[in-house]
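No lab work stands behind these numbers, since they all come straight from the coordinates. All figures in this text were calculated on a predicted structure; none of them were measured in a lab. Neighbour counts are summed over all protein chains in view; Cβ atoms, including those assigned to glycine, are modelled from backbone coordinates with ideal geometry.
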Amino acid sequence: METTTLLLPSIFLLLHGNAPEFSIFLLHACAHNPTGTDPTPDEWRKIADVMKRRSLFPFFDSAYQGFASGSLDKDAWAVRFFVSQGFELFCAQSFSKNFGLYNERVGNLTVVGKDGDNVAHVLSQMEKIVSTTWSNPPSQGACIVATTLNTPELFDEWRDNVKTMAERVLLMRAELKSRLEALKTPGTWNHIVNQIGMFSYTGLNPKQVEYLIKEKHIYLMASGRINMCGLTTKNLDYVAQSIYEASTKIQ
């Protein structure tokens, strides 16, 4: 992603021929990290069509369910669509972010197979990998997640909390864009609100990023990726003014 938009032609070039048949493709289910740019449902349909035609295997990484749109169901759309199209697939799901359990490393691997025998074969291999890798993982985080997901009142409270977090990030995106435009910051900043999730590609170049880090103590990646969760009502004006200065002083 060299720009602030999704380069679909490059994706389809890879899907259509650059990758051998039966290749495994790692796909972010939602809130793509680091770009904050997800395919639309129509684009997902086109991706699925090519992958089915070429017998490509989808491996979904679902680390931010709920943080993209605020809806658990909407953020699971891509995975569910691929399943509805008859794909066999893996979906690795992390609860580190949407449960705030970073130090517990809680997650699961969902295996979708065409029949029970296929799933049983995968399970036997996974059991061997688990046995030699960690054998007995810590149970506290898993118990917290399992209890919450299986207790209706706790699940409803958690779902509402995730929605609140997602809405706050969306609000910070809108406020940052508004302030940058009010300052007449060079360039267009629509991508700030078009992107979703915790991260965003600002479009700033490495020299501008260096200016922000050294002169303004605003820390982001050299690629211009910024963590939108770090924005608050107290620092928005400072961040916007600093980006304006970086954009006007540094080319």
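For the reader, a short list of remarks on this structure follows.
- Fewest-first sequence of 169, 193 by Cβ atoms within 10 Å of each Cβ: 193, 169
- Gain upon complete extension [residue 229, residue 117; 0.36 nm per residue less C-alpha separation]: 36.0 nm
- Choice from 224, 116, 66 showing the highest fluctuation, given a GNM over the chain with Cα pairs closer than 10 Å: 116
- Prolate/oblate/rounded call for region 8-150, Cα gyration tensor, a/c under 1.5 rounded: oblate
- Sequence-separation-based contact order of region 17-86, relative, with Cα cut under 8 Å and 6+ spacing, percent: 41
- Distance from region 135-153 to region 52-92 (C-alpha centre basis), Å: 23
- Qualifying lysines (Cα of each under 21 Å from Cα of residue 46; at least 8 residues distant if same chain): 74
- Hydrodynamic radius (Kirkwood) for region 167-249, which is based on Cα pairs only, to one decimal in Å: 12.5
- Here the extension length gained between residue 167 and residue 128 equals 9.9 nm, from 0.36 nm per residue of separation less the Cα-Cα distance.
- Order of 202, 188, 148 - criterion: other Cβ atoms within 10 Å of each residue's Cβ, fewest first: 188, 148, 202
- Contour excess over end-to-end distance, with Cα ends at residue 84 and residue 213 and 0.36 nm allotted per residue: 41.8 nm
- DSSP beta bridge pairing in region 8-150, given as percent antiparallel to the nearest 5: 40
- The lysines within cross-link reach of residue 177, meaning a Cα-to-Cα straight distance under 22 Å and a gap of 8 or more places when in the same chain, are 163, 207, 216, 234, 249.
- Among 89, 176, 14: highest mean-square fluctuation, GNM of the chain, C-alpha pairs under 10 Å: 14
- Computed from backbone phi, the HN-Hα couplings of region 89-102 come to 7, 10, 9, 8, 10, 10, 10, 4, 8, 6, 10, x, 10, 4 Hz, rounded to whole numbers (Karplus: 6.51 cos²θ - 1.76 cosθ + 1.60, θ = phi - 60°; Gly and Pro given as x).
- Note: relative contact order over region 1-119, using C-alpha pairs below 8 Å and six or more positions apart, is 22 percent.
- Measure of compaction for the chain (Cα Rg per 2.2 N^0.38 Å): 1.14
- Dimensionless Rg/Rh of region 51-121 - Kirkwood Rh, Rg from C-alpha atoms: 1.02
- Acute angle (nearest 10 degrees) that the helix 206-216 long axis makes with the longest principal axis of the chain, alpha-carbon atoms: 70
- Relative contact order (%) - criterion: Cα under 8 Å, at least six apart; region: region 167-249: 38
- Folded to 0 to 90 degrees: helix 116-133 orientation relative to the chain principal axis, Cα: 60
- Nearest-0.05 FRET efficiency for residue 188 and residue 149, computed from C-beta distance (R0 35 Å): 0.30
- Look at 91, 143 and count the other Cβ atoms within 10 Å of each Cβ; fewest to most, that gives 143, 91.
- Most mobile listed residue (85, 208, 93) in the chain, GNM with C-alpha springs under 10 Å: 85
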